[in-house]
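Here the structure comes first, spelled out in structure tokens, and everything after it is commentary.
The values are calculated or read from the model by the stated rules, or taken from the named source; none is laboratory data. None of the values given here were measured: they were computed from a predicted structure. No Cβ is skipped: glycine too gets one built from the backbone with ideal geometry, and neighbour counts run over all protein chains shown. Quick note on the areas: whole protein, heavy atoms, side chains included, nothing else; ligands and nucleic acids left out. Shrake-Rupley method; radii C 1.70, N 1.55, O 1.52, S 1.80 Å.
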Amino acid sequence: MAARAARIVDVGATLSLLSGGSVDGMDGTPVDLVQPGAAYVVGLLWDGAPSAEVLALAADGTLPNVGRLLARGCGLRGGAIAEFPSVTLVNHTCALTGVGPGRHGIVNNAFYDRFLGEQVVPNSSAAWHRAMDWMRPGVQTVFERLPAGTSSACVNEPVDTGATYSTFALVRETGQGGTGSLSDWLPPAGDDVSATQEHVASHADYEWATQVDAIGLTQVLDLWREGEPPRLTWWNTTLTDAAHHAAGPGSPIARDALRDADRRLGVWLDLVESRGLADDVVVLLTADHGMQGCTPGVTGDWDQALTAAGVPFRDEAYGFLYLG
């Protein structure tokens with residue numbers, strides 16, 4: 001275990017270096033604990049998973065498959081430091097471009113676009129598959145930085161520009177989008193052997209995220225089961241975020257979601273080992289942001305105080321304030 005931290009933008013730089021791509025112009029720096037040369041590179045993002053929690057649960061055996069990765073590699077005790085604001089789509093884009101939000105232009109899950117003169121909500125079920133429509137021109141993803149002809153896969157991830165295979169490219173090609181139509185693609189959560197069924201039965205967001213992650217695992221297994229795997233695979237996990245939002249870090253539902261994610265990771269690791277590819281793969285596991293408990297007695301919103309003070313403002317997306 002290394003007593004250090006990385007940055008989310010370092011994820012993009014590291015993936016690009018490992019996969020044979022350029023890091024020129026990135027804000028991030030490749031983590032110097034790894035070197036290029038592996039045949040395959042896999043990036044895993046467990047949305048909303050606090051690094052200290054993941055490392056502690058891996059150490060005590062609760063997450064045995066994360067433990068398998070650590071036994072063959074190294075963890076950063078300080079995790080990866082998120083960009084501001086510390087929300088999903090900002091940091092997904094940072095991780096897969098290696099540049100900060102001031103450059104790639106995705107500045108919140110929902111924000112007021114001054115150029116368009118309107119609110120945009122790329123982090124929604126209706127727009128998730130086309131979130132990159134709002135990324136600034138000229139910004140490259142790690143998939144676009146790969147050498148020509150290099151295969152890549154982007155599973156359940158909106159930052160997919162340039163990927164050879166992409167979940168959301170399939171959604172765009174079929175003209176589908178939104179929760180209703182996407183539900184037709186998803187397997188029943190009640191049949192998922194990796195899922196903690198008590199939460200599936202009692203929590204709608206847990207059920208939905210379980211379905212999303214189940215089809216994510218199916219895609220990854222299909223990509224790796226036979227033939228040549230992609231040179232670079234990116235695999236996004238959703239449930240960990242939904243469960244942490246439900247009850248906060250350290251809660252039973254949050255820890256069960258981490259266990260579910262670990263079980264799915266184990267299914268893929270077993271496949272990799274059965275094919276004799278374990279020594280040919282570099283795996284990078286990160287989150288986009290962590291979670292922090294709040295003080296229960298602190299309540300209210302900015303709106304009342306600003307209104308009372310006579311300050312004109314526009315409140316967008318969880319406290320993003322535009323004054324004047």
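Some observations on this one:
- Index of the failed condition, GLY67 passing every other in (1) in contact (Cβ under 8 Å) with a residue 24 or more places away in the chain; (2) over 28 Å from MET135 (Cα atoms): (1)
- Residues satisfying the stated conditions in region 244-269, i.e. open to solvent by 30 Å² or more (accessible area, probe 1.4 Å) and of a type in the set (Gly, Ala, Ser): ALA246, ALA247, GLY250
- When VAL11, VAL31 are screened for being within 19 Å of the chain's Cα centre (by Cα) and not in a loop (DSSP other than H, G, I, E, B), only VAL11 passes.
Condition check ((1) without any contact (Cβ under 8 Å) to a residue 12 or more places away in the chain; (2) among the small types (Gly, Ala, Ser); (3) under 25 Å from GLN197 (Cα atoms)) across all residues:
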{"residue": "LEU265", "(1), (2), (3)": "no, no, yes"}
{"residue": "LEU271", "(1), (2), (3)": "no, no, yes"}
{"residue": "SER274", "(1), (2), (3)": "yes, yes, no"}
{"residue": "HIS289", "(1), (2), (3)": "no, no, no"}
{"residue": "THR299", "(1), (2), (3)": "yes, no, no"}
{"residue": "ASP303", "(1), (2), (3)": "no, no, no"}
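- The helices (runs of 4 or more DSSP H) found wholly in region 190-266 and carrying at least 3 residues that are aliphatic (A, V, I, L, M) occupy 204-225, 239-247.
- Neighbours by Cβ (under 9 Å, 6+ apart or cross-chain): first from region 115-136, within 15 Å of ASN156 (Cβ to Cβ); second of a type in the set (Ser, Thr, Tyr) and open to solvent by 40 Å² or more (accessible area, probe 1.4 Å): SER125/THR179; MET132/THR161
- Scanning region 270-292 for residues that are buried (at least 18 other Cβ atoms within 10 Å of the Cβ), within 20 Å of the chain's Cα centre (by Cα) and not in a strand (DSSP E or B) gives ALA287, ASP288, HIS289, GLY290, MET291.
- No other residue among TRP208, TRP234 is aromatic (Phe, Trp, Tyr) and either free of Cβ contacts under 8 Å to residues at least 12 places away in the same chain or open to solvent by 20 Å² or more (accessible area, probe 1.4 Å) (or both) apart from TRP208.
- Residue in region 179-199 that is in contact with a Gly (Cβ under 8 Å, 6 or more places away or on another chain), of a type in the set (Gly, Ala, Ser), under 30 Å from ARG77 (Cβ atoms) and crowded, with 16+ Cβ neighbours inside 10 Å present: no
- Scan of region 278-322 for residues that are at pLDDT 95 or above, β-branched (Val, Ile, Thr) and touching a Leu at 6+ places or on another chain (Cβ under 9 Å), ordered by number: VAL282, VAL283, THR286
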